[in-house]
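Notes for the one structure printed next.
The values are calculated or read from the model by the stated rules, or taken from the named source; none is laboratory data. Keep in mind that what you see is a predicted model, and the values were worked out from it rather than measured. Using ideal geometry, Cβ is built from the backbone for each residue, glycine included, and neighbour counts are taken over all protein chains shown. We work out accessible area using only protein heavy atoms, side chains counted, and drop any ligands, DNA or RNA first. Shrake-Rupley method; radii C 1.70, N 1.55, O 1.52, S 1.80 Å.
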Amino acid sequence: MVRFGTLSSYPSAAPAVIIVGAGMSGDQLLTTLPMWTRAQSKLFRGKCGNRGQLGFRSWGSQANPIWLMANKLRLKSYLSNYQNLSSNIYKPVGGVYEESVARKAFKVAEEVVEFGTKISRDLSTRKQPDISILTSQHLKNYFPKTPLEMVIDYYLCDFEGVGPLRVNSLLNSEPSPTYSKFGEDSYFVADPRGYESVAHHVAEQFLNTKVAGQITDPRLQVKKVVTEISHSPTGVTVKTEDGLVFRADYVIVSVSLGVLQNDLIKFHPSMPQWKILAMDQFNMAIYTKIFLKFPYKFWPSDSGTEFFLYAHKKRGYYPVWQHLEREFPGENVLLVTVTDDESRRLEQQSDSETREEIMAVLRNMFGKQIPEATDILVPRWWSNRFYKGSYSNWPIGVSHHQFNQIKAPVGRVYFTGEHTSAAYYSYVHGANFAGIDSAKMITNCIKRGACTNKI
């Protein structure tokens, strides 16, 4: 590893750090590290971000740091307009529900969500055990059964929370710290540079780049798949799929929780049992946004129609839709979201089979004369070995002590990522904050000898 120099506080060779999986957490971590450590660091970056498919929360009591970065970059983005959904819920076959009927069902479901939030606060105040979101619904005697009730329940719960309601932790989901602190607005990134340009922006703060923005810094290793990490009291060794070996004093692992759960990186010696159990008990959610392109538009696109729902007897069957007329005018693109078990099912079938299912749903909504989709994009986060899921989700039964075990270091191996942010797990800003926290943790170890973390 090339040494780039040290500060006066470190007259001898400065500690070297390897960061595996340099996404938002890894990039922000290295930006936060002191200069003497930064100069000795090496990053391994795989694929970064879900290009053009994600959004970010904007303003609440404080500004979301990702929002500030996006503004600085002047990312082309659009406020998602969820208004008027009660007028845009399609029946299983033929037309939309009457607005008055849908509005009444929405009101009941929203009262159940508010009830769950109150229950969560009460459990927290009285230090009572956690319950699932589904259990909180049952306490309110809420059992969605009709296609209309199920799709509204899905929209209010699964569309944001992703995991099954019987699994999702109420205490750690409601009320949402992201909503409370940053507000509920979300934006769709439609910039050619993609949402990943936010992570690139952070990396450019410390990596050498060309004028055009291309990163040329030799400390950044791309297309290097890390397969093994060996660690001892004196240092770490990282091996890649193509047989290269890198050595350093510390390693920070910022790959997704799904990668860690699937043992795709071998640790020598193995992680202790408490670490494995903590990681395995947390949930890796799957959130799939499917894009379809058509020869012409056949859906309503006037004000108040951006989002629409499809009610089906099978809960979560192609339920939440968005037309992208503002984001990509004239491109005739629809977006439909599925999650969890449906995501797994779709990943195991061909794109043509998925397109056939979707076309049947669209014909149920808009009639049999609509054109065939000319193209389809189906992300496969669960199948992709670099992700093994979309992002983490806090399940019932995982205590804060166990959560702290997920992010706790093991010797000279440190961990970071959105799954290590207790308040903002699953979000990009959670990854951002996690990177900052991990940088402070390893700096305290290197500079002050505070390497023992009580968990």
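Relative to the 2.2 N^0.38 Å rule of thumb, region 141-282 has a C-alpha radius of gyration ratio of 1.47.
Separation of region 216-230 and region 364-404, taken as the distance between their Cα centroids, equals 27 angstrom.
For Cα extents along the principal axes in Å, several values are listed as (i) 78, 73, 42; (ii) 74, 54, 41; (iii) 72, 43, 40; flag the one computed from this structure. Here the calculated entry is (ii). Only protein heavy atoms count here; under a 1.4 Å probe, residue 108 has an accessible surface of about 70 Å².
Of the residues 128, 151, 112, the one whose Cα sits farthest towards the positive end of the charge dipole of region 110-163 is 128 (charges of +1 on Lys and Arg Cβ, -1 on Asp and Glu Cβ, taken about the Cα centre). Straight-line cross-link reach from residue 127 at under 16 Å between alpha-carbon atoms covers these aspartates and glutamates, not counting any fewer than eight positions away in the same chain: 174.
Sorting the segments 293-299, 194-200, 218-224 by their mean number of nearby beta carbons within 10 angstrom, highest to lowest, gives 194-200, 218-224, 293-299. Within a straight-line Cα-Cα reach of under 25 Å, residue 297 can be paired with the following lysines, leaving aside sequence neighbours fewer than 8 residues apart in one chain: 76, 91, 289, 368.
Of all DSSP bridge pairs formed entirely within the chain, close to 70 percent run antiparallel.
Considering only alpha-carbon pairs that sit under 8 angstrom and 6 or more positions apart, the relative contact order computed for region 109-213 is 31 percent.
Remark: the chain carries a charge dipole of roughly 1300 debye about the Cα centre, counting +1 on each Lys and Arg Cβ and -1 on each Asp and Glu Cβ. A 1.4 Å probe, protein heavy atoms only, puts the accessible area of residue 242 near 90 Å².
By the rule of a C-alpha distance below 17 Å, with chain neighbours fewer than 8 residues away ignored, the aspartates and glutamates paired with residue 388 are 263, 280, 340, 341, 342, 347, 418. Over all pairs of different C-alpha atoms, region 265-319 has a mean inverse distance whose reciprocal, the Kirkwood radius, equals 16.6 Å.
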